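In what follows, a structure is listed as structure tokens, so that the remarks can point back to it.
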């Protein structure tokens, strides 16, 4: 089984970072923090609810690290089977590191996907250890989809044996059942949560003005922050509503005097 055959049944869009949507704000401070985190040895966990901007901010980080090889895998429900997961992970690494994984390729040619085990991860570790790059990133998006404990155990073993120049980035809606406490004690875990991803008052002002040409008064901005908690998806929905209906922010706030979050409006 060669790598071209391995990737035939995997949508290519799952193996590459998604394109950024037109209306997204460059959040310099947050990008710098995450960029600094992923360049250190170990694991970076971005854990927050849906619509928090997790994937968007990671794509922005990768765009600024174009010289760093980065494997990207967006997980789906079919990856809850061990063989499918390992196949997809290896395929993502091969896309990022074309023809640079000889042990992994040799092993994959000897076994069918359903017989893949942690030995193929050991091959991947050894191949990556031999590469000349100062840093290699492996990004697993939507890791919350994985509920198979066998896969979690494989990931624990994989991460515990990684060479120092490989950083794993896990993007998830919740903390995965991995050895997070162990890695935190060893100084190998860096986490970004909803409070890190939520927009500040100043970012809300810039988002509405620079992307939507909507100028907010101080009271309006603070009311939006209070009612959305800086949740990225709600800011987009609110800006879209204002843009489409051409009504003032103040009028919308007065109309929605009882709302507690923008989600209640839709």
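The values are calculated or read from the model by the stated rules, or taken from the named source; none is laboratory data. Keep in mind that this is a model prediction, so the values were computed, not measured. Virtual Cβ from ideal backbone geometry, glycine too; neighbours counted across all protein chains shown.
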Next on the checklist: Need pairs with beta-carbon distance below 9 Å; first residue assigned by TED's automatic domain parsing to the domain that holds residue 60 and over 23 Å from residue 95 (Cβ atoms) and within region 16-27, second in a loop (DSSP other than H, G, I, E, B) and at pLDDT below 90; sequence gap 6+ or separate chains.
Outcome noted: none
Checklist entry - Of (1) out of contact with any strand residue (DSSP E or B) (no Cβ under 6 Å at 6 or more places or on another chain); (2) surrounded by 14 or more Cβ atoms within 10 Å (Cβ to Cβ), residue 192 satisfies all except one. Which? => result (1)
Checklist outcome for this item: Flagged in region 99-129 as at pLDDT 90 or above and out of contact with any helix residue (DSSP H, G or I) (no Cβ under 9 Å at 6 or more places or on another chain), in numbering order, are 129
